[in-house]
Amino acid sequence: MSDSSLRTTVADRVAEATPVHLSQRLRNMSDRTIAWIFIGPTILLLLAINIFPLIWTIYLSFTDYRSNRPNAEIKGVGLRHYERILTDNDIWLAMQVTAHFVFWTIVLETAIGFALAYLLDRRFRGHGFWTTVILIPMMLSPAVVGNFWKFLYEPQIGLFNYIVSFVTGVDRSSFQMLGQVSLAPWSIIIVDVWMWTPYVMLICLAGLRSIPEYIYEAAEVDRASKWRQFWSITLPMALPFIMLAVLFRGIENFKMFDMVNLLTGGGPGSVTELASITLKREAFESWKTGYSSAFAIILFVTVFGLANIYVKALNKVKQR
């Protein structure tokens, strides 16, 4: 028996087993209705997972609720938490540290990632092997990366200090990447760039390989130099992909927590205390659940607002 006849037989059996009134209803349904029947339960599940916690967090931000006192009476405090957060110097310091981290990681990851993508797009011999090697850091979990680099940053036995000492001649025990106030912010930037530059590279590589070859052929006919081709063709056509990579990394780095928490825990002092670490301390060390909920809402509104403005700019670039 052929595959087509087998499928026909199965279909006939299913049709015969279906009640008449149900089969008539199914025949009268539009494609859109059938599509909603299949995706409806999934959408409801996603709404329950994402929307309810957000609504609950908004509610808690207007109360004095503490999660370590679940049986205590919950009292409303109005906008008091929001007023305290917006006038708290420690909160603004954490936001400045976060902005420094986000800015430099995005700049370095975008520059290095695009440069690597441009080189790999040349399709030199062994480019597939080197692409795989470059992607390895992105495949590791933040916990592994944090512990791995914490060992590399050890002043006495760490490989990082040894390489810096070998290149510059500085005594490797004379500086501590994780222990010095001036170096600790850059230590977390280096790790994030090492881990996530491959991600940016992949997006940029997709953008470069989406450029039709005939455009370059036409430019060569017009005797355009390689530099002119790069500035007039490659960069403008890959710009939407570059901006997309910046958007993804900006959102992720704004809420960065696990890797930095493993490396420095926010120290020394508070020079690497990102907003997410401050939020964790308020929520799970000070147990200020209402206060931390208000802080979480402010962070959410900040990211959502900036991302919305950026997406509008991205759409304008794509429409050019």
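Just so you know, all these numbers are worked out from the coordinates, no wet-lab data involved. Please read all numbers here as calculations on a predicted model, not as lab measurements. Neighbour counts are summed over all protein chains in view; Cβ atoms, including those assigned to glycine, are modelled from backbone coordinates with ideal geometry.
Per-structure values
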read-out: Which of ASP31, ASP192 has the fewest Cβ neighbours within 10 Å, and the rest in rising order; value: ASP31, ASP192
read-out: For the chain, the fraction of alpha-carbon pairs in successive 10 Å shells from zero, as %; value: 5, 17, 21, 21, 16, 12, 6, 2, 0
read-out: Relative packing of 287-296, 176-185, 51-60, which averages over residues the other C-beta atoms within 10 Å, highest first; value: 287-296, 176-185, 51-60
read-out: Modelled FRET efficiency - R0 35 Å, LYS255 with ARG123, Cβ distances, 0.05 increments; value: 0.45
read-out: Restricting region 71-157 to GluC sites (Glu not before Pro) in coil, as DSSP defines it, with at most 16 other Cβ within 10 Å; value: GLU73
read-out: Positive-end residue of ILE163, ILE34, ALA275, charge dipole of the chain with Cβ unit charges; value: ILE34
read-out: Modelled FRET efficiency - R0 25 Å, ALA111 with SER174, Cβ distances, 0.05 increments; value: 0.25
read-out: The chain - mean residue ellipticity at 222 nm from DSSP helices (-39,500 (n - 2.57) per run, n ≥ 4, rounded to 500); value: -24000 deg cm²/dmol
read-out: Cut-off under 5 Å, modelled amide H: who pairs with THR63 long-range; value: VAL77
read-out: Sorted peptide list for 214-221, 154-161, criterion being average Cβ within 10 angstrom, highest first; value: 154-161, 214-221
read-out: Region 81-318 - percent relative contact order, Cα under 8 Å, separation 6 or more; value: 29 percent
read-out: Pairwise label distance in nanometres, THR87 with SER182, each label 7 Å out on the Cα-Cβ vector; value: 3.7 nm
read-out: Karplus-derived HN-Hα couplings along region 37-50 (A = 6.51, B = -1.76, C = 1.60, θ = phi - 60°), whole Hz, x at Gly and Pro; value: 5, 7, 8, x, x, 5, 4, 4, 5, 5, 5, 5, 6, 9
read-out: Residues ILE43 and ALA219, FRET efficiency given R0 of 41 Å [Cβ-Cβ distance, rounded to 0.05]; value: 0.30
read-out: Region 149-222 - Kirkwood radius from inverse mean 1/r over Cα pairs (Å); value: 15.4 Å
read-out: Top positive-direction residue, dipole computed over region 81-318 with Cβ charges, set THR132, PHE254, SER232; value: SER232
read-out: Selection of GluC sites (Glu not before Pro), region 259-320, meeting DSSP coil and at most 14 other Cβ within 10 Å; value: GLU285
read-out: The chain, dipole about Cα centre (Lys/Arg Cβ +1, Asp/Glu Cβ -1), debye to the nearest 20; value: 580 debye
read-out: Residues in region 235-273 reached by a label modelled at MET138 [backbone nitrogen below 13 Å; 7 Å Cα→Cβ]; value: 242, 245-246, 248-249
